[in-house]
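Okay, structure first, notes after.
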Amino acid sequence: MDFPPFILSIFLFLPLIGVPFLFLSNKVYWLRFISGTFTLVPFLILVGLYFKYDPENASLQFVDRIRDVVVSGNLRIDYHVGMDGFSLLLCGMSSMLFFLSTLATWSSITSRIREFYIYLMIVEMSVHGVFLSGNLVQFYIFWEAMVSPMVLMVGIWGEDQRVKAAIKYLIFSFTGSVLMLAGILILYFKTGTIVIEDLSTGLLPEIPKNIRLFMFFAFVLAFAIKVPLFPVHTWMPDVHSQAPTVGSVDLSGILLKIGLYGFIRLAIPLFPEEMLEYRELLGGLAIAGILYGAIIAMAQENSKRVVAFSSLSHMSFCMLGILSFTEEGMAGGMLQMINHGFTAGMLFFMLGMLHERIGNNDIAKAGGLSKLLPVFSVFFAIGIFSSLGVPGTNSFIGEFLIILGSIKANVVYGALAATGVVFAAGYLLLFAKRMIFGEPTKNLTEHHDLNLKEWAILVPTVAMIFWIGIYPKPFLRVLEPSVRVALNSASAKVIQDRSLKEKDLSDKPFERKYTSYKTLGVDPARYEERLKGYQSKFALPESIRKGKETSPEGEEEAVQ
């Protein structure tokens, strides 16, 4: 079956279209039916698009573009959405979690139900808008549109310190957004375009170094706050611990990914030289986040804060993989973003189920789950094993690729990242021991095990954890074009191609080679050739990476 050319627009705006239907009745079952329907159908559309997606094509697919929606002087803004393999998987993961979130609200949200569903559906549309936007103005509008409803979800339905947490989230988000807006405006005035693909493949604008650095760090700070990267992470533990269950799921499982998506989609292609020049600095911050998040998680008494600091560590892992600019690291970072969405989402769903039974998130009041809630304990253990990266679960594949790529790019960072896995084993196994095998508490003696709704929430996430962990090939294959585009965008050859001056192109017959995502989607060159002049002094030597020595004694002796 062929989809209509505007299928992405249907997918994008379907949650918003469902909002007016929420006002047709005050009945709770009607509100649940409408919110469930208008979040389930987008996921089903994504499943269909997955089978129609061409993994050999690096161009944006299923493109829907309406030109000159806004015209003001020389400024022309199109409505432009499109999808590559990376955004396809992100939209699939997020649409699935949004639908499961509506199921979770059946018991966790008991007041102002209609308003909550309105905010949730607006957030879904905004997140997907960020993943699908084809120009910077549209990207920024959707980026901003998700903030206010998320602030209201935390501030109205959260825990005791919800208002403080919501204001903190608003301040951090607003700061990053203002800086990014300044960078977007400068880019437009210097280039005359806002189309992301044109900016990613066109000639690099002639901008003074200081202004270019301001633009670069404006985008980097905006994205780093959303990831979050150390040290601009301080909003995250408070917001996660105070948000309602669905708010924590959506923040950790979905919204944290838009920062990393921004690095891949915008920061790398728009500022390739700066990303390579400052990747050691950003990599150091990622290492700090990996170790800091893992160590601090050990000392937490609030179960939500444990998973929040775990998310800081895992998102920093993803960032480190991306900054390695190796095929393994980039693919692992992208895949681990998907993995973390399912794993963190599952854990926060389960902590919400526990909260409904005991009324708080204290670890000390939730011991002995294996004796009181045995089925719940099995699912909880699966979530812990996935977060730990046990072979057979999804995180093992992502973390293995990230560490492999990081060691190739920087042995020191790779080794430190590997120690982060050891610390993760410490805090996660301690967390599991206290929750599953601790002393049974009176808080849980009168509560039943999983009900049908909770089974319906957990089974799909567990299925994805084992599917990706056992057979990741379909996902990695879909990511291949996006990985190639990201790696080639920051290659010395492409930077040189984009650094040509207009007069150079007019004075002599020369045709630029890399002018679109399709041309950037070719197989990347070898690591040394690709990052000529930008390699770390701690990079793994080429002879070791190839598995052979360069000594005159020959290959046979080297292999021995």
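Just a few scattered comments:
- Span from the the range 76-125 Cα centroid across to the the range 407-480 one, whole angstrom: 23
- Candidate residues Lys473, Lys226, Lys371: accessible-area rank, largest first, probe 1.4 Å: Lys371, Lys473, Lys226
- For the range 1-80: relative contact order, % (alpha-carbon pairs under 8 angstrom, 6 or more apart): 30
- The angle between the Cα long axis of helix 28-52 and the longest principal axis of the Cα atoms of the chain comes to about 30 degrees, rounded to the nearest 10.
- Of the residues Phe271, Phe189, Ser316, the one whose Cα sits farthest toward the positive end of the charge dipole of the range 7-489, with +1 on the Cβ of Lys and Arg and -1 on the Cβ of Asp and Glu, is Ser316.
- Converting the Cα gyration tensor eigenvalues of the chain into ellipsoid dimensions via √(5λ) gives semi-axes, longest first, of 38, 30, 21 Å.
- The range 14-71: trypsin sites (Lys or Arg not before Pro) falling in loop per DSSP and having at most 15 other Cβ within 10 Å: Lys27
- Surface composition of the chain: carbon and sulfur atoms hold 63% of the protein heavy-atom accessible area at a 1.4 Å probe.
- Estimated FRET transfer efficiency (Lys27, Ser107; beta-carbon r; R0 22 Å; 0.05): 0.85
- Sequence-distant residues sharing a close amide H with Asp84 (under 5 Å, placed H): Gln61
- Nearest 10 degrees, 0 to 90: helix 452-470 Cα axis against the chain principal axis: 30
- Working note: 222 nm ellipticity from helices only, DSSP H runs with n ≥ 4, each -39,500 (n - 2.57), summed and divided by the residues of the chain, gives -22000 deg cm²/dmol to the nearest 500.
- Cα long-axis angle, helix 473-489 against the chain (0 to 90 degrees, to the nearest 10): 40
The values are calculated or read from the model by the stated rules, or taken from the named source; none is laboratory data. Everything numeric here is computed off the predicted structure, so don't read it as measured data. Here the Cβ is made from the backbone with ideal geometry for all residues, glycine too, and neighbour counts use every protein chain on show. To get the accessible areas, we keep the full protein, side chains included, count just its heavy atoms, and leave off ligands, DNA and RNA. Shrake-Rupley method; radii C 1.70, N 1.55, O 1.52, S 1.80 Å.
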